[in-house]
Amino acid sequence: MLQKGFLKPELSVSNIGKWSFWLGISLGLYVSLVLNLLFGFSRESFRVITFLNDPLILTPEEFQAYDLFFALFSTSLGFGVTIIYWLIGRKNIIRKKYLKIFSISNTAFICIAAFAIVARFGSKLAIVPYGLRGYDNELNLLQDHKLLLILIPIYIFLANWMSIRLIFKTQSWIILSFLVCLIISLILFQTTSVDKEILNNAYYRKYAERFDFIDKEFEKATKYEVYFPDSIKQILQKMDAARTLDLVLGLKKYFESNAMVPKDILILEKISVHNLNKHMSYWIGNKKERDKNWPYAMPEDIYRQIIMHHVGEIEMQLLFEILYEQISLLVTEKPDYNKFSSYSRYQKEKWYYKDHLINRTTNILSRLVQVAEKLRTDNKYVKYHSLIPEIEFDDYDGQQTFHELDFKQLEL
C-alpha cells in the first residue's frame, strides 16, 4: 500500500522557502567570491617560494587558464554551500529524514574533500618541485592534465545535484543552475582575479639588466632577419633550469665543430655570456680538464670562427662582440665594499661569477689573453679593435697557469 509522502516534491522556491532560497544563493555567492580570492592569493603566495631560484613565471594564457579554473572551482563549491543551506532551511517538507541527513553529509563531504585535494596538491607543488633548484616546469598541469582542470568543477556540480535529486524533482533546474553557475564563474574570472603583475614586475626589476639585454639583442636580430620564438626568451631568462643549462652547453658544442656557426647561435652565445648563464650544475675537479668548466665557447674556437669570415660580415661583428663579453667578464673589478650599495645586482653577480670561473678553470685567462693579443696586432681586424678590451694575464695566486696556443694549427 502506498504511503503518504512516497512521491518526491518538486524543487521550487516555495518548497525550499523564499528566505532560505535567497539566503542560500547569497551565501553561495559570498563563499564563491572568498574562495576565488583565496585561491588567487594562495597561488601568488606559493609563487614567492619559487623566487628563491628560478621563479615560476606563467604565460598570459596559462594565468588566464588557472584563473578560470579557480573561478569555476570556487563557484561549484559555493553551489554546494547553497544546497546545504537549502536542505537545512527552516521550511521542512522532507518526509524521509535519513535522506536529508545523507544529502547534507554527502554534499559537505564532496566539497570539503575536493577543496582539501586541490589545496594540498597545489601547496605540495609549490614546496616540492617548484621549489627545487633547476626545476623547469616539467610537471605542466595545463599542458599535460588540462582535462582534469575541467572535470573537477563539473564533477562537483553534478555530484551536488545527485544529492538534491534524492529528495526533489529537479526538472529543468539542472540546466538553469548550470547556466547561472557558468555566468557567475565568468564574472568572478573577469572581476576578482588577483594581480599577478606585482610579483612579475618585482622579478623583472630584479634582473632588469639581463632582460633588457635579451630584448635589445632580439630586436637587433630582426635586422639580420633572425627571429626567435618566445620559448627561447623564457629559457634565456632562467639561470638554473634544465633547458637553460642544455642550451648553453649546446651553444658551446657548436663552436667546437669545424663548421661555420650560424647567426642565431652567435646571438644566443653573446646573450648567454653577458647574462652569466651556466652550462652545468656541477664542476670538474681534474686539473687537466678544469677548463671544461668554462661554460662558453673557448677563445681559440672563437678565433677559428673569425678567420673563416670576411671583414664586414655580420658574423664577424657578432664574434667580436662575443669576445668582448668574455673579456669584460674576466676583467671585472672587485666591488668596493665601502660603496657596495651603489653597485647593481648584475655588477655584483658578475664579479662573483668571475671569481667562481677563475677558481674553476686553469688556463682560460691565458687563452683569452693570447687570442685578444693576436687579433689586436692584426691590422686586418682594425675595424673591430675597439671591441677588444685591455686584458693581461694574472695567475691569481696560482689558480691560473699559462697555456700556449698553437695558432698555426688553428688556422689550418
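The values are calculated or read from the model by the stated rules, or taken from the named source; none is laboratory data. Note that the structure is a prediction, hence the values are computed from the model and not measured. Every residue, glycine among them, receives a Cβ derived from its backbone with ideal geometry; neighbour counts consider all protein chains shown.
Things worth noting here:
- Yes/no for I101 being farther than 30 Å from S231 by Cα, buried (at least 17 other Cβ atoms within 10 Å of the Cβ) and not basic (K, R): no
- Filter result (of a type in the set (S, T, N, Q), within 28 Å of the chain's Cα centre (by Cα) and within 21 Å of G24 (Cα to Cα)) within segment 59-90: S74, T75
- Restricting attention to segment 289-306, the residues being within 31 Å of the chain's Cα centre (by Cα) and polar (S, T, N, Q) number 1.
- Test: A126 is farther than 26 Å from W86 by Cα, at pLDDT 75 or above and either small (G, A, S) or touching a Lys or Arg at 6+ places or on another chain (Cβ under 7 Å) (or both): no
- Test: residue in segment 382-400 that is more than 20 Å from Y324 (Cβ to Cβ) and buried (at least 16 other Cβ atoms within 10 Å of the Cβ): yes
- Criterion (out of contact with any strand residue (DSSP E or B) (no Cβ under 6 Å at 6 or more places or on another chain), at pLDDT 90 or above and of a type in the set (A, V, I, L, M)) met by exactly one of L405, L365, L412: L365
- Residue check, A242 small (G, A, S) and surrounded by fewer than 11 Cβ atoms within 10 Å (Cβ to Cβ): no
- Test result for W351, in the same structural domain as A241 (by TED's automatic domain parsing), crowded, with 20+ Cβ neighbours inside 10 Å and within 32 Å of the chain's Cα centre (by Cα): no
- Whether a residue is surrounded by 15 or more Cβ atoms within 10 Å (Cβ to Cβ), in the same structural domain as Q237 (by TED's automatic domain parsing) and among the β-branched types (V, I, T) was assessed, and I187 does not pass this test.
- Residues being modelled with pLDDT under 90, part of a loop (DSSP other than H, G, I, E, B) and either touching a Ser or Thr at 6+ places or on another chain (Cβ under 7 Å) or among the basic types (K, R) (or both) - total across segment 278-298: 1
- For segment 360-412, residues that are in contact (Cβ under 8 Å) with a residue 40 or more places away in the chain and touching a His at 6+ places or on another chain (Cβ under 7 Å) total 2.
- Some residue of segment 260-275 being polar (S, T, N, Q) and part of a helix (DSSP H, G or I): yes
- Residue count, segment 289-346 (criterion: within 26 Å of I214 (Cβ to Cβ), without any contact (Cβ under 8 Å) to a residue 60 or more places away in the chain and aliphatic (A, V, I, L, M)): 5
- Candidates in segment 136-147 are the residues that are of a type in the set (A, V, I, L, M, F, W, C) and surrounded by 12 or more Cβ atoms within 10 Å (Cβ to Cβ); of these, the one that is farthest from L68 (Cα to Cα) is L139.
One line per residue, one yes/no per condition, for (1) over 15 Å from the mean Cα position of the chain (by Cα); (2) at pLDDT 90 or above; (3) among the polar types (S, T, N, Q):
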position	(1), (2), (3)
I174	yes, no, no
L179	yes, yes, no
N201	no, no, yes
Y207	no, no, no
D212	yes, yes, no
F218	yes, yes, no
A221	yes, yes, no
D230	no, no, no
Q234	no, no, yes
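- Given (1) modelled with pLDDT under 90; (2) more than 18 Å from S123 (Cα to Cα), index of the condition L72 fails: (1)
- Here A221 meets each of (1) in the same structural domain as H274 (by TED's automatic domain parsing); (2) touching a Ser or Thr at 6+ places or on another chain (Cβ under 8 Å); (3) small (G, A, S) with one exception, condition (2).
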